[in-house]
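The values are calculated or read from the model by the stated rules, or taken from the named source; none is laboratory data. Keep in mind the model is a prediction, meaning the values are calculated, not measured. Backbone-built Cβ (ideal geometry, glycine too); neighbour counts: all protein chains shown. Protein only, heavy atoms only, side chains kept; ligands, DNA and RNA dropped before computing areas. Shrake-Rupley method; radii C 1.70, N 1.55, O 1.52, S 1.80 Å.
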Amino acid sequence: MIPHHIVTGPDDAPVLVLSNSLGTTHEMWDPQAEALAERFRLVRYDTRGHGGSRTPHGPYDIEEVGGDVIDLLDHLGVEKAHVAGLSLGGMTAMWLGIATPRRIDRLVLLCTSPLMGPPETWRDRSALVRAEGTQAIVDATLERWLTADYRASHDISWLRDMFVGIDDEGYANCCSIIQHMDLTANLAQIVAPTLVIGGAQDPATPPAQHAEKIHQTILGSRLEILDPGAHLISVERPDAVTNLILEHLEA
């Protein structure tokens, strides 16, 4: 499946694909898009079930959402690309680095994990969203996404609107990806130069349990923990994230 996507930047520049988190669209990368498109052919897309992409019958698995990125690269005539992803987008990026190493140049993994548990959490969240919609979990989600100080000092209505606008069935189907995914056994196979970024106050993927373990497993990877910062680190710390991405991809 070719997901909905937006391409900006010079046609002859290196390609950078940005993969969104669960419950967002490609617009989560708006704080980075302008600066990154000055130096890269920037490809932002919506994971299946999100934004402008279709919501095929589910549940989904990591191979399907990873395969969508390969379909997108083929559609665009791109042989090799950098990939940056946050949360579910980072899981997709890790799968790509494991399954299709020849298609991946460099990786940036933000606030993500090769194994999120417990499975029943994601099963129950799927059931709740199917029954009551994303509106039922938006407040708790925003509390995980951003620190209390950031929420108190910034207008985050656009994030709330984005989240409740996600297709309920699409969101629930993507919860199943995380419920069943386990990339730990193959994570060390990643050979692409990798930058791992965590948020010091991230309650969804605490760095000590997730970012640091990814860093320890992927040979030669670099770890950066941003403080303050919660789960949606690209929004809370936009300039720092942009600079880290540019530094890593242009090294």
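With only Lys, Arg, Asp and Glu charged, each at its Cβ (+1 for the first two, -1 for the last two), find how big the charge dipole of region 117-203 is about the Cα centre; round to the nearest 20 debye.
Dipole magnitude for region 117-203 comes out near 180 debye.
Please compute the net charge surrounding residue 69, taking Lys and Arg as +1 and Asp and Glu as -1 over other residues with Cβ under 13 Å from its Cβ.
Summing Lys/Arg as +1 and Asp/Glu as -1 gives -2.
Net charge near residue 207: determine it from the other residues with C-beta under 12 Å of the C-beta of residue 207, scoring Lys and Arg +1 and Asp and Glu -1.
That sum, taken over residues with Cβ under 12 Å, equals -3.
Considering only the chain, what is the antiparallel percent among its DSSP beta bridges, to the nearest 5?
So the antiparallel bridges amount to about 15 percent of the total.
Of all DSSP beta bridges in region 1-54, what percent run antiparallel (nearest 5)?
Within region 1-54, antiparallel bridges account for around 45 percent of the total.
For residue 31, what charge total do you get from the other residues with a beta carbon under 11 Å from its beta carbon, if Lys and Arg give +1 and Asp and Glu give -1?
-4
Per residue, how many Å² of accessible area does the chain show with a 1.4 Å probe?
Normalised by residue count, the accessible surface of the chain is 41 Å².
In whole percent, how big is the carbon plus sulfur part of the accessible area of region 1-149, probe 1.4 Å, protein atoms only?
Carbon and sulfur atoms account for 47 percent of the accessible area of region 1-149.
Could you pull out every residue, at least 5 positions away or on a different chain, whose amide H is within less than 5 Å of the one on residue 196? Hs are placed 1.01 Å off N in the peptide plane, and Pro or chain starts have none.
109, 222, 223, 224
Quick check: from the Cα gyration tensor, does the chain come out rounded (a/c under 1.5), prolate or oblate?
Since a/c stays below 1.5, the shape of the chain is classed as rounded.
Given the options 74, 30, 149, state which has the largest fluctuation in a GNM of the chain using a 10 Å cut-off (strictly under) for Cα springs.
Evaluated over the chain, the most mobile residue of the options is 149.
So what's the back-of-envelope 222 nm ellipticity for the chain, counting only DSSP H runs of four-plus at -39500 (n - 2.57) apiece and dividing by all residues, rounded to 500?
The helix-only estimate for the chain comes to -12500 deg cm²/dmol at 222 nm.
Hey, with R₀ at 25 Å, roughly what FRET efficiency would residue 247 and residue 71 work out to, going by the Cβ-Cβ distance, to 0.05?
0.25
Just reorder 17, 191 by solvent-accessible area, largest first, 1.4 Å probe, all chains present.
191, 17
Please list 11, 182 in order of solvent-accessible area, largest first, computed with a 1.4 Å probe with all protein chains present.
11, 182
Anyone know which of 198, 117, 85 comes out most mobile in the 10 Å Cα GNM of the chain?
117
For region 47-194, what is the convex hull (Cα atoms) projected area averaged across all directions, in square nanometres?
Its Cα hull, projected and averaged over all orientations, spans 9.4 nm².
Connecting C-alpha atoms closer than 10 Å in a GNM of the chain, tell me which of 50, 154, 210 has the biggest fluctuation.
Per the Cα network of the chain with a 10 Å cutoff, 154 tops the list.
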